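The values are calculated or read from the model by the stated rules, or taken from the named source; none is laboratory data. On a predicted model such as this, the values are computed, not experimentally measured, just so you know. Because the Cβ atoms are built from the backbone with ideal geometry, glycine has one as well, and the counts that use them run over all protein chains shown. Surface accessibility is based on the protein's heavy atoms, side chains included, excluding ligands, DNA and RNA. Shrake-Rupley method; radii C 1.70, N 1.55, O 1.52, S 1.80 Å.
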Amino acid sequence: MGKAERRASRERLKQERLKAQQRAKRNRIVGVVGAALVVALVVVGGGYWFLTQSTTGDELTADLPPQTLQEDGSIVLAKSGAEAPVVDVYADFQCPACKQFETAAGSTLQQLAADGEAIVHYRPVSIFSQQPDPISSNSLRAAAAARAAADHGKYVEYNDILFKNQPAEGKPGFSVDDLVSWGEDVGIDDPAFAERVEAEDKVVDTYTGDYTKDLMKKAQDELGTNELSTMTVGELIAWGDDNGVDGSFMDGTYVKETLEATNAAYARYSGGDKFEGTPSIYINGSKLGNEAFNPQQLKKAILDASPGEVDTKPLASDDGDAPAAPEADAPDSGDAPQTDESPDAKE
């Protein structure tokens with residue numbers, strides 16, 4: 001073999017080795033991307049993979065046990081005298097993963113409560129209250145209406161109908177007319193319910209409109225992005241009250257109660273049980289993972305747990321009448337700086 005042929009042979013071998021290396025690299029990339037997609041499918045949607053793999057939850061075959069409204073606006077569903085594990089359910093009615101959870105496991109929890117095997121503590125919150133409209137207004141309007149339904153002993157039924165009619169993210173929904181009509185569908189015929197829903201809607205409009213815009217602008221200017229990013233909504237509202245952005249228009253409203261409940265959830269848990277979003281499911285204060293989306297795994301976890309204690313107190317009622325709807329006046333424009341800028345969204 002001449003010198004020229006040997007050079008040509010070496011060049012061919014070099015090119016073949018290069019092509020082999022490139023094929024190996026492509027295969028490694030495909031493997032990594034494929035693994036990443038599998039992880040994404042497991043994580044995205046707060047347990048979507050577990051939901052699609054799970055079996056159907058138990059159908060409710062008994063009447064709902066008593067629903068007891070608590071001082072903080074939460075609702076306890078439990079058989080009278082039940083000594084059972086306490087299941088805390090934190091959910092936002094605009095949260096798609098919360099709808100998935102309710103679809104998969106809601107009836108299982110209700111049946112366990114009816115059988116005296118669980119005390120289900122519904123704790124509605126709003127994790128989207130600082131998001132752009134209509135996500136924020138959908139979340140708050142639904143939460144306030146559900147709280148109003150609790151005044152009439154129909155929270156659980158109303159909870160179910162809200163999730164069945166959850167609007168797509170970013171789309172307007174939970175209109176006042178629909179919220180009132182759904183109340184009638186679950187058996188609320190007291191005009192006070194409609195009055196409350198309409199009054200809370202005005203509060204939501206003020207909150208998601210000028211109030212949030214002014215509050216975020218002032219906080220951004222005076223605190224800066226870094227400090228602002230560490231604050232919960234409750235902390236931000238309290239800061240605003242001390243710094244010229246008046247939030248008193250929310251006093252006595254179910255919007256304010258929902259925001260306070262959300263702030264309390266962030267403060268209540270720490271470490272591995274830290275509240276970080278919805279849905280968050282706890283058994284006797286210990287946070288569940290994706291097994292919460294599988295009704296059989298959830299049921300087993302509850303039945304294996306010891307009896308717990310509810311950490312709230314029932315709301316005292318002298319006459320059983322629903323509270324009157326609050327006045328929903330907008331805050332004085334002189335109490336806060338005016339701006340045309342949109343609020344920054346905060347997860």
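What about residue 160, is it in a helix (DSSP H, G or I) and more than 15 Å from the chain's Cα centre (by Cα)?
In short, no.
Filter the range 276-290 for residues that are within 27 Å of residue 151 (Cα to Cα) and either of a type in the set (D, E, K, R) or under 12 Å from the mean Cα position of the chain (by Cα) (or both) and give the result.
Scanning the range 276-290 gives 277, 278, 279, 280, 281.
Quick check on my filter: what residues within the range 235-250 are touching a Gly at 6+ places or on another chain (Cβ under 9 Å), of a type outside the set (Gly, Ala, Ser) and open to solvent by 40 Å² or more (accessible area, probe 1.4 Å)?
Hits for the range 235-250 are 241, 246.
Among the residues of the range 259-280, what is the count of those that are crowded, with 18+ Cβ neighbours inside 10 Å and of a type in the set (Ser, Thr, Tyr)?
4
Six or more apart or on different chains, Cβ atoms under 8 Å: show the pairs whose first residue is in the range 137-154 and over 12 Å from residue 172 (Cα atoms) and whose second is charged (D, E, K, R) and outside any helix (DSSP H, G or I).
These pairs meet every condition: 143/92; 152/190.
For the range 220-233, state whether one or more residues are under 24 Å from residue 324 (Cα atoms), open to solvent by 20 Å² or more (accessible area, probe 1.4 Å) and in a helix (DSSP H, G or I).
No, the range 220-233 has no match at all.
Residues that are closer than 20 Å to residue 263 by Cβ: list the strands (runs of 3 or more DSSP E) wholly contained in the range 68-145 that include at least 2 such residues.
Where strands (runs of 3 or more DSSP E) fall fully within the range 68-145 and carry at least 2 residues being closer than 20 Å to residue 263 by Cβ, they are 86-91, 119-124.
Conditions: (1) out of contact with any helix residue (DSSP H, G or I) (no Cβ under 8 Å at 6 or more places or on another chain); (2) surrounded by fewer than 14 Cβ atoms within 10 Å (Cβ to Cβ). Residue 217 meets all but one. Number of the miss?
Exception for residue 217: condition (2).
With the condition kept exactly as written, say whether any residue in the range 124-146 is over 15 Å from the mean Cα position of the chain (by Cα), open to solvent by 10 Å² or more (accessible area, probe 1.4 Å), more than 23 Å from residue 61 (Cβ to Cβ) and at pLDDT below 95.
Yes, that holds for at least one residue.
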